[in-house]
Amino acid sequence: MPRAPPLPALLTGLAHRATSPPAATQLHAQLLLRGLPLPARAAVTLIASSSSPRYARAVFHSVPAASANVYLWTATISSYAKHASPALAAEAFALFRLMLRSGPPPNAFTLTSLLKSLSTLRAVHEVRQAHAFLLKSALGSSVHVGAALLDSYGSLGQVHDARTVFDEIPTRNVVVGNSMVSCYVRGGQLEAAREVFDGMAERDAISWNTLMSGYLRHGDANAARALFDEMPRRNVNSWNMMIAACSGAGLWADSVGAFNQMRRMGFQPDAATMAVLMSACAQLGFMSVAKQVHGLLRKGCVEMNCHVRNSLVDMVAKCGCISEACSLFAETRPKDVVSYNVMVCALAQHGRGKDALKHFNEMIEEGLQPDAVTFLGVLSACAHAGLVGNGEHYFESMGTTYAIQKSADHYACMVDLYGRAGLIEEAHRFVKIMPVKPHAGVWGALLNACRKHCNIHVGHIAARELIRIEPLNPGNYILHANTLARSQRWDAVEDVRRLMRGNINDKNTGFSWVEVDTVVHEFLAGDSSHPSFDQIYNILEHLYLQLA
């Protein structure tokens, strides 16, 4: 190969200083203008900083000495690993095979980048080929390569192979241990994950958080809470998972309490924290707490992007302040489909069906494409406003105009639409001709309509199907009993209650909260310890007599 001409003094200086992306880019431009080759050092910098594998490959081929430079090969393979694309991962593996045939011997960083790509490719065979190469070379003993190989097997669901690699690594550090714990967590083997976790000589926040996420993913909030209490050092992710654990268990007040404790400990919430917190506040329905959350957001604890604003509107609406939710919605810029979905559903839940439909029409005028969630709000709005004809039109337009597949939830909305309008027989016929299998929501909507309009015959059919689907849900028995009670069928009411007691042995005590003048009152089923118990129940009895 002919020797490249010497660089001018300016370019020589740039070549020595081309260790940052801007300097390397400037050098590359100057060399292209002069038709000169790019030095390997600058090429590595350019490839490492580029987000485009195509550009990285072009730079790689522009270097005359690329075939002998392991850093260039490694940087180029690594550029493919940055993208979760099977096609690019396949190119990375092809480049690695070319390197084995005509390039320098790979180093540990080459294999680490390759294995990351192969995880994206979902290629077990190729990972095993890389594993075989490691066994033949001296790279198999590298802790970092071992961790990457272990992680690749784990992400592909090859837990047994991952454990074999783990057992063969002579010196395991925290990275290796974390990879093995993560592998078991992904595979749902929490006991094995805990065994590895307990055997780790060193643990970091990732170790604790990974195991805690496994418990949460499999619904064991108690184990997650116990692990959280053991943690010597927590970070924001740890607190986020704890807040999520409380929310996942339906302990909304505890979720807010964990957030307050997090702030007292000096941790600043991030977007994930606020998302879970707003969801918990929405479930609680406490406007005083919602105002505190809104105040934190206004202070800039997280970026007030469209996603955060949508969650804020949803929270405020579910806390009962629909006017404030409308104001926040008006301030949201730009609005996306989720923004309109939140507002349409909120207005429907507050009985403002016509306003909800107005926002739906505005959404269409803005050129936004509605989705399945949009129509849940639209159909609910029609039901609350008594707009049967409109509801039928929108239901039909889902398939004909918007090509949206109807789910059982949409059919449940239509049953509710007919039921609220007193069209019980029409609702029952609609259920019988549904092309999808009715779920509990469909039968529940029909039974609730029968309760309201005293239709015992259809109500009995709906209750039978509802209890068959959800035999352990006490609300189904109570709704059935209330339907019978409206017609003064007291013997039948007692039969339903007896059936409930026989089917549901392990009953959790029901409880609820009521916020009065920023004070939260908790009520337990059967509890008479509240200081205003007598006064409260006198008022309830008076209201019941008025409604009966």
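Distance between the modelled labels on Gln405 and Gln369, one decimal in nanometres: 1.5 nm (7 Å Cα→Cβ projection). When each of the peptides 390-398, 145-153 is scored by how many other beta carbons lie within 10 Å of its residues on average, the order from highest to lowest is 145-153, 390-398.
For the pair Ile469 and Arg497, label points projected 7 Å from Cα toward Cβ lie 2.7 nm apart.
In a fully extended conformation the segment linking Thr171 and Asn235 would gain 20.3 nm over its present Cα-Cα distance, using 0.36 nm per residue. Against the chain, whose longest principal axis comes from its Cα atoms, helix 86-102 is set at around 20 degrees. Under a model in which nothing but the beta-carbon of Lys, Arg (+1) and Asp, Glu (-1) is charged, the chain shows a dipole of about 1860 debye around its Cα centre. To the nearest whole percent, what portion of all C-alpha pairs in segment 191-347 is separated by more than 19 angstrom? That tail contains 56 percent of the Cα-Cα pairs. Taking label positions 7 Å along the Cα-Cβ direction at both Glu362 and Ser141, the computed distance is 7.0 nm, reported to one decimal. Each residue of segment 427-442 was assigned a 3J(HN,Hα) from its phi angle through the Karplus expression (A = 6.51, B = -1.76, C = 1.60, θ = phi - 60°), giving 4, 5, 4, 4, 5, 5, 9, 4, x, 10, 5, x, 9, 4, x, 5 Hz with x at Gly and Pro. Seen against the Cα atoms of the chain and their longest principal axis, helix 372-385 is set at about 20 degrees. Using the Cβ-Cβ distance between Thr164 and Ala201 with R0 set to 22 Å, the FRET efficiency works out to roughly 0.60.
If R0 is taken as 56 Å, the Cβ-Cβ distance between Ser327 and Ser102 corresponds to a FRET efficiency of 0.25.
Which residue, Ala224, Leu98, Thr401, has the largest displacement toward the positive end of the dipole of the chain when charges sit on each Cβ (Lys, Arg +1; Asp, Glu -1)? Looking along the dipole axis, the top candidate is Leu98. Using Cα atoms only, what is the angle between the long axis of helix 236-248 and the major principal axis of the chain, expressed in degrees (0 to 90) to the nearest 10? On a 0 to 90 degree scale, this one is about 30.
The packing ranking, built from the mean of other Cβ atoms within 10 Å per residue, places the peptides 296-308, 177-189 in the order 177-189, 296-308, highest first. Annotation for segment 115-146: trypsin sites (Lys or Arg not before Pro) lying in DSSP loop with at most 16 further Cβ atoms inside 10 Å of their Cβ are Arg122.
Partner lysines whose Cα lies under 28 Å from the Cα of Lys82, excluding those fewer than 8 positions away in the same chain, are identified as Lys116, Lys136.
Read the figures in this text as sums done on the coordinates, not as results from a lab. Every value quoted in this text rests on a predicted model; they were computed, and no experiment measured them. Ideal geometry is used to build each Cβ from the backbone, glycine not excepted, and the neighbour counts take in all protein chains shown.
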